[in-house]
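*Asks:* I have a structure I would like to understand better, so I am pasting it below and will then ask my questions one at a time.
The values are calculated or read from the model by the stated rules, or taken from the named source; none is laboratory data. These numbers come from a predicted model, not from an experiment. Here the Cβ positions follow ideal geometry from the backbone for every residue, glycine too, while neighbour counts run over all protein chains shown.
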Amino acid sequence: MKSFRDKRRDSRPPAKSGTGDARPHEARGSARPDARPRERPEARTDDRPEPKAAPRILARRDGALPAEQLPVILEVAPNADYALLDSGAGEKLEQYGPYRIVRPEGQAIWQKALPAKDWERADAIFTGDTDEEGIGRWRFPKTPLGETWPMKHDGIDYLGRFTSFRHVGVFPEQASHWDHMAGLIASARRPVKVLNLFGYTGLASLVAARAGAEVTHVDASKKAIGWARENQEMAGLGSKPIRWIVDDAVKFAEREERRGSRYDIILFDPPAYGRGPKGEVWQLFEDLPALTDLCRAILTPKPLAVVLTAYSIRASFFAIHALMRDTFAGMGGRVESGELIIREKSAGRALSTSLFSRWVA
């Protein structure tokens, strides 16, 4: 459920770079509604372009590589909140709370298992066509639906949302990472600081805050941050310590390094390509090594984990696995890499959604 990437194989909207997903509907780097005494998102107060920073100088680190575990397949099974009902012929049929939704899915190159009548019962279908009236690109075969509807994840209330980029404000496959993170926070038995880069609509941040962490949520999309704040209010987590920051992810991380700010857990889910709020350009293969290095640089002395997810890239998880092991050389721990999948309800097939690699202390 997270801002600024066109990463997903599910094909997210054009993103903003270096810090948040620019998808209009789910700006990645997403934010959640902040229901604390409302503090404003931290943002630059002037419109002057920042001077272009010198490229970060990278060098291979000394020390033994972390242990490794791969391939790791993290699976989300159907549940009362979300289910992948069926897939095939380039589409997927999903159940989001009360609604049955049909969307394109390029990974589903097999044939549908359910009969046509089950697909025809859909409440909303993403067509890809431009619609000048109402919510574009969606067709509602039954009753026209509003832009948002109430949803839940593991007891956390949030808003599902029909967007013009086929997304609905949540990425269910990320639940595996959220559960893992919540477990680390609970078992730490100490204050934990979490940084969520490219946070989108904020579910990861809400899960972390509910588990007891102090959260910093960064997304380049002001709209995504607004949606995330709504979600925080919906979830009744307004008193939890979440900072909502509209900024370029890379520039924010660079400033945190200079300021000496440190985090115990870092999540980053950059797009394949994107643009930041001041036109910063992000290219995954060119810029990911420096951002990964920055993430290591802003860890606390006793960090817990760094989690990288990558969507819509033509690469093997071995590539980001090797990058993470090299970056975290000398820190011990373990790097686990593989794919996030959703298990289909109809025929039990696995739909792969993204690659991931995570370092765990």
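*Asks:* Out of the range 62-84, which residues are surrounded by fewer than 21 Cβ atoms within 10 Å (Cβ to Cβ) and either closer than 15 Å to GLU344 by Cα or within 22 Å of the chain's Cα centre (by Cα) (or both)?
*Replies:* The answer is LEU70, PRO71, VAL72, ILE73, LEU74, GLU75, ALA77, PRO78, ASN79, ALA80, ASP81.
*Asks:* Further question: All but one of (1) of a type outside the set (A, V, I, L, M, F, W, C); (2) under 30 Å from LEU237 (Cα atoms); (3) touching a helix residue (DSSP H, G or I) at 6+ places or on another chain (Cβ under 8 Å); (4) assigned to a loop (DSSP other than H, G, I, E, B) hold for THR163; which doesn't?
*Replies:* (3)
*Asks:* Here is a further query. Is one or more of the residues making up the range 235-249 in a loop (DSSP other than H, G, I, E, B), within 18 Å of the chain's Cα centre (by Cα) and farther than 22 Å from GLY160 by Cβ?
*Replies:* yes
*Asks:* With the requirement that a residue be of a type in the set (A, V, I, L, M, F, W, C) and either crowded, with 21+ Cβ neighbours inside 10 Å or in a helix (DSSP H, G or I) (or both), what does the range 276-297 give you?
*Replies:* Initially, the range 276-297 is screened for residues of a type in the set (A, V, I, L, M, F, W, C), giving 281-282, 284-285, 288, 290-291, 294-295, 297.
Matches in the range 276-297: TRP282, LEU284, PHE285, LEU288, ALA290, LEU291, LEU294, CYS295, ALA297.
*Asks:* Considering (1) within 22 Å of the chain's Cα centre (by Cα); (2) over 28 Å from LYS222 (Cβ atoms); (3) in a loop (DSSP other than H, G, I, E, B); (4) not basic (Lys, Arg), say which one HIS180 fails and leave the rest.
*Replies:* Condition (3) is where HIS180 drops out.
*Asks:* Shifting gears a bit: Going through LEU145, LEU74 one at a time, which residue ends up being among the aliphatic types (A, V, I, L, M) and either at pLDDT below 95 or part of a loop (DSSP other than H, G, I, E, B) (or both)? Even if it seems obvious, please write down each step before you answer.
*Replies:* Details: LEU74 fails: either at pLDDT below 95 or part of a loop (DSSP other than H, G, I, E, B) (or both).
Residue meeting the stated conditions: LEU145.
*Asks:* Within the range 183-224, take every residue that is outside any helix (DSSP H, G or I) and among the polar types (S, T, N, Q) and give me the one that is nearest to GLY155 (Cα to Cα).
*Replies:* Applying the first criterion (outside any helix (DSSP H, G or I)) to the range 183-224 yields 189-202, 211-221.
Adding the requirement that they be among the polar types (S, T, N, Q) leaves 196, 201, 216, 221.
On the way: ASN196: 21, THR201: 17, THR216: 22, SER221: 26 Å.
Applying the filter and picking the extreme gives THR201.
*Asks:* Which condition breaks for LYS223 when tested against (1) modelled with pLDDT under 95; (2) under 19 Å from VAL306 (Cβ atoms)?
*Replies:* Unmet for LYS223, out of (1) modelled with pLDDT under 95; (2) under 19 Å from VAL306 (Cβ atoms): (2).
*Asks:* While we're on this one: May I ask you to list the residues in the range 217-241 that are buried (at least 24 other Cβ atoms within 10 Å of the Cβ) and within 22 Å of LEU291 (Cα to Cα)?
*Replies:* HIS217, VAL218, ASP219, ALA220, SER221, ALA224, ILE225
*Asks:* Give the range 252-270 a look and list any residue that's modelled with pLDDT of 95 or more and under 19 Å from the mean Cα position of the chain (by Cα), or say none.
*Replies:* Within the range 252-270, the first condition is being modelled with pLDDT of 95 or more, and the residues that meet it are 252-268.
Those that are modelled with pLDDT of 95 or more and under 19 Å from the mean Cα position of the chain (by Cα): PHE252, ALA253, TYR263, ASP264, ILE265, ILE266, LEU267, PHE268.
*Asks:* If you take the residues in the range 272-314 that are charged (D, E, K, R) and under 18 Å from ALA54 (Cα atoms), which one is modelled with the highest pLDDT?
*Replies:* That would be ASP293.
*Asks:* Could you list, ordered by first residue, the pairs with Cβ atoms under 9 Å in which the first is in the range 328-351 and over 19 Å from PRO71 (Cβ atoms) and the second is of a type in the set (Asp, Glu) and modelled with pLDDT under 95, at least 6 apart or interchain?
*Replies:* Qualifying pairs under 9 Å: ALA329/ASP62; GLY330/ASP62.
*Asks:* Hey, another quick one. Given (1) out of contact with any helix residue (DSSP H, G or I) (no Cβ under 7 Å at 6 or more places or on another chain); (2) surrounded by 15 or more Cβ atoms within 10 Å (Cβ to Cβ); (3) of a type in the set (A, V, I, L, M); (4) closer than 30 Å to ILE298 by Cβ, where does LEU114 come up short, assuming only one miss?
*Replies:* (4)
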